[in-house]
Amino acid sequence: MEKRFDGELLPEDYQEPRCVICDVTENWNPGGSIPLERIIGKYDEYMGEKDYEGARRHLNYWLEEGQILNDRKGMFSIHNEFLGFSRMTGDREGAYSHIAPALGLLKGLGMEDSISAATCYINIATVYDAFGEPEKSEEYFNKARRIYEEHLQDDDARLGGLYNNMALSMNDTGRFDEAIELYRKAIEVMRRREDGKLEQAISYLNMANAIVDRDGADASEEEVYGCLDRAAELMDDPSVPRNSYYAYVCEKSTGTFEFYGWNGYAAELTERARKIYEGA
């Protein structure tokens with residue numbers, strides 16, 4: 001993950017946020033906005049170091065600053081980041097607490113059909129799916145799909161990510177054929193991109209699981225191993241940067257390779273991730 005923070009000590013590193021309930025009315029706007037580019041840069045740094053408590057404090061600080069400034073776009077962006085962060089850290093209550101504020105801000109800003117809204121809808125959908133309510137996710141995935149397919153190019157990584165995440169949810173609800181077709185669409189999008197090899201590998205591994213869920217392990221063995229072979233080929237490609245994102249994908253992929261008996265390759269991926277994290 002690229003670090004965009006320039007190393008300067010920022011106020012949130014040593015100050016408490018100002019009180020958000022002191023004479024602040026709904027329509028009060030003192031002007032100004034929170035510095036989203038720097039906020040996300042610092043957030044990326046925390047996440048790259050796996051300092052999740054630091055990341056949480058950082059986002060909370062700037063959410064309160066956005067409330068002070070009545071910066072509704074800024075607040076929306078922080079709520080949106082919190083959706084992904086809370087899902088990743090397993091915080092169901094935290095994730096759900098940001099859904100209504102994010103949707104309310106979208107409506108108030110008149111942004112419900114924007115690209116930013118679509119990204120938020122995907123975050124909400126993946127939250128529902130991650131916490132055992134995939135039936136609630138379809139509405140938001142479909143909203144995002146309509147916007148993305150209308151406004152994005154067919155090689156846009158966001159479109160590939162949508163198809164992959166939507167397929168996961170379809171698989172969770174037993175709609176295996178739809179899931180497999182969406183994985184194929186995700187792979188096709190990412191095949192058009194130079195930097196899309198790891199995302200293709202992820203989709204191949206997910207598709208292998210969907211095929212087994214649909215057909216059973218014995219009936220699908222040849223097709224599944226074809227998916228695994230292709231995923232490994234993509235992950236071994238020397239053109240793929242061996243950075244922290246590569247390490248993350250290695251870690252997330254080992255379970256699938258182990259499940260299908262590729263224990264040696266799973267161990268190799270674990271070792272690759274370890275070397276990256278340790279700077280070897």
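The values are calculated or read from the model by the stated rules, or taken from the named source; none is laboratory data. Just so it is clear, the structure is predicted and the values come from calculations on it, not from any experiment. Cβ placement follows ideal geometry from the backbone for every residue including glycine, while neighbour counts extend to all protein chains displayed.
How about segment 87-135: which of its residues are among the small types (G, A, S) and over 21 Å from G161 (Cβ atoms)? Please lay out each step first, then the result.
At the first step, the residues of segment 87-135 found to be among the small types (G, A, S) are 90, 94-95, 97, 100, 102, 104, 108, 110, 114, 116-118, 125, 130, 132.
Answer for segment 87-135, where residues must be among the small types (G, A, S) and over 21 Å from G161 (Cβ atoms): G94, S97, A100, G104, G108, G110, G132.
List pairs: first in segment 124-142 and surrounded by fewer than 24 Cβ atoms within 10 Å (Cβ to Cβ), second not in a helix (DSSP H, G or I), Cβ under 7 Å, 6+ apart or cross-chain?
So the pair list comes out as P134/T173; E135/T173.
Considering only segment 81-100, state which residues are crowded, with 16+ Cβ neighbours inside 10 Å and in contact (Cβ under 8 Å) with a residue 12 or more places away in the chain. Give the derivation first.
Step one: list which residues in segment 81-100 are crowded, with 16+ Cβ neighbours inside 10 Å, which gives 81-87, 91, 94-96, 98-99.
E81, F82, L83, G84, F85, S86, R87, G94, A95, Y96, H98, I99 - these are the residues of segment 81-100 that are crowded, with 16+ Cβ neighbours inside 10 Å and in contact (Cβ under 8 Å) with a residue 12 or more places away in the chain.
When residues of segment 147-165 are filtered for being within 20 Å of R184 (Cβ to Cβ) and assigned to a helix (DSSP H, G or I), how many remain?
Filtering segment 147-165 for residues within 20 Å of R184 (Cβ to Cβ) gives 148-149, 152-165.
This time we only want the ones that are assigned to a helix (DSSP H, G or I), so: 148-149, 157-165.
The number of residues fulfilling the criteria is 11.
What number of residues in segment 233-280 are in contact with an Asp or Glu (Cβ under 7 Å, 6 or more places away or on another chain) and farther than 23 Å from E45 by Cα?
Number satisfying all stated conditions: 1.
Only residues that are closer than 29 Å to G48 by Cα, surrounded by fewer than 21 Cβ atoms within 10 Å (Cβ to Cβ) and of a type in the set (V, I, T): list them for segment 202-248, please.
V240
Test of understanding: among I115, I78, which residue is in contact with a His (Cβ under 9 Å, 6 or more places away or on another chain), modelled with pLDDT of 95 or more and either aromatic (F, W, Y) or surrounded by fewer than 18 Cβ atoms within 10 Å (Cβ to Cβ) (or both)? First the steps, then the outcome.
On the way: I78 fails: either aromatic (F, W, Y) or surrounded by fewer than 18 Cβ atoms within 10 Å (Cβ to Cβ) (or both).
Result of the check over I115, I78: I115.
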